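> Handing you this structure, nothing more for now.
Every read-out reported here was derived from the displayed coordinates using simple, explicitly stated rules and does not represent laboratory data. Because the structure is a prediction, the values reported are computed rather than measured. Glycine gets a Cβ as well: all are built from the backbone with ideal geometry, and neighbour counts include every protein chain shown.
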Amino acid sequence: MSHLSEVSAGFADPVHDAQTAFRAVLDALSRPGRPFAIGQPVPGLALGPAMAHALLALTDGDTAVWWQQADPAAASWLRFHTGASLAATPECAAFAVLDSVAGLPPLTAFSAGSAQAPERSATLLVKVASLDAGPAVEWRGPGIQGAQTVRLAGLPDDFWAQWQANQAAFPQGVDIVFICAGRALGLPRTTRARRLEEI
């Protein structure tokens, strides 16, 4: 069997599906704290549907992707469909696939852009066990009416302190898309977050 026949399919309808997936990610980042459905399962890949379709929609031949856990099959699949290259280190990545929150690198390991070019920061795609369970965190900022309470499972204890430092560096800073199965939830650098005391 040839290599081409072994590569899992990308979008069934490349133009329509890419636009749909890109819109879902854009909506997630424009409306922080609200999950959006994205993608269908891709046979033969360990990546969940939302992670796979977000990568297809966001990456191209000019972007480098850093994989927290080496996944040669997924990296080859992405390179075949979009031309995205491998980033050797987190700081070189335009996008990062983070599928183990237990070993999540510090946010400062990734590019925050520069004062002259803040748009050159990294976007982190973080797989979590749930978008509905975990410590209560209040989000405020553009795209949120008043405040939004968000619960994400399994993040490191110091994650929200790291996020406060990231947000304080605006307009520099990373953006995050949390992903669980077929849903995506955005956390842009404009969003302020604080842990709420459990009652």
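> Regarding residue 146, is this residue of a type in the set (Gly, Ala, Ser) and in contact with a helix residue (DSSP H, G or I) (Cβ under 8 Å, 6 or more places away or on another chain)?
No; evaluated as a whole, the condition is false for this residue.
> Next question, about the same structure. Enumerate the pairs (first residue in the stretch 55-69 and at negative phi and free of Cβ contacts under 8 Å to residues at least 12 places away in the same chain; second residue anywhere and in a helix (DSSP H, G or I) and of a type in the set (A, V, I, L, M, F, W, C)) with beta-carbon separation below 8 Å, excluding pairs fewer than 6 apart on the same chain, so at least 6 apart or on different chains.
Once the first residue is at negative phi and free of Cβ contacts under 8 Å to residues at least 12 places away in the same chain and sits in the stretch 55-69, no partner that is in a helix (DSSP H, G or I) and of a type in the set (A, V, I, L, M, F, W, C) comes close enough.
> Considering only the stretch 144-168, state which residues are of a type in the set (Gly, Ala, Ser) and either in a strand (DSSP E or B) or more than 18 Å from the chain's Cα centre (by Cα) (or both).
Hits for the stretch 144-168 are 146, 147, 161, 165, 168.
> Are any residues in the stretch 107-119 farther than 20 Å from residue 67 by Cβ and without any contact (Cβ under 8 Å) to a residue 60 or more places away in the chain, and if so, which ones?
114, 115, 116, 117, 118, 119
> Could you list all residues from the stretch 154-199 that are under 19 Å from residue 103 (Cα atoms) and touching a strand residue (DSSP E or B) at 6+ places or on another chain (Cβ under 8 Å)?
Once the filter is applied, which keeps residues that are under 19 Å from residue 103 (Cα atoms) and touching a strand residue (DSSP E or B) at 6+ places or on another chain (Cβ under 8 Å), the stretch 154-199 yields 160, 163, 174, 175, 176, 177, 178, 179, 180.
> Residues 126, 137: which one is assigned to a strand (DSSP E or B) and either closer than 18 Å to residue 46 by Cβ or not aliphatic (A, V, I, L, M) (or both)?
None of the others qualify; the one that does is 126.
> Identify the single condition in (1) assigned to a strand (DSSP E or B); (2) over 25 Å from residue 27 (Cβ atoms); (3) not polar (S, T, N, Q) that residue 115 does not satisfy, given that it satisfies every other one.
(1)
> Could you please find all residues in the stretch 86-137 being surrounded by fewer than 19 Cβ atoms within 10 Å (Cβ to Cβ) and among the acidic types (Asp, Glu)?
91, 119, 132
A quick yes/no check of all residues on (1) in contact (Cβ under 8 Å) with a residue 24 or more places away in the chain; (2) β-branched (Val, Ile, Thr); (3) in contact with a strand residue (DSSP E or B) (Cβ under 8 Å, 6 or more places away or on another chain):
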site: 93; (1), (2), (3): yes, no, yes
site: 97; (1), (2), (3): yes, yes, yes
site: 101; (1), (2), (3): yes, yes, yes
site: 105; (1), (2), (3): yes, no, yes
site: 132; (1), (2), (3): no, no, yes
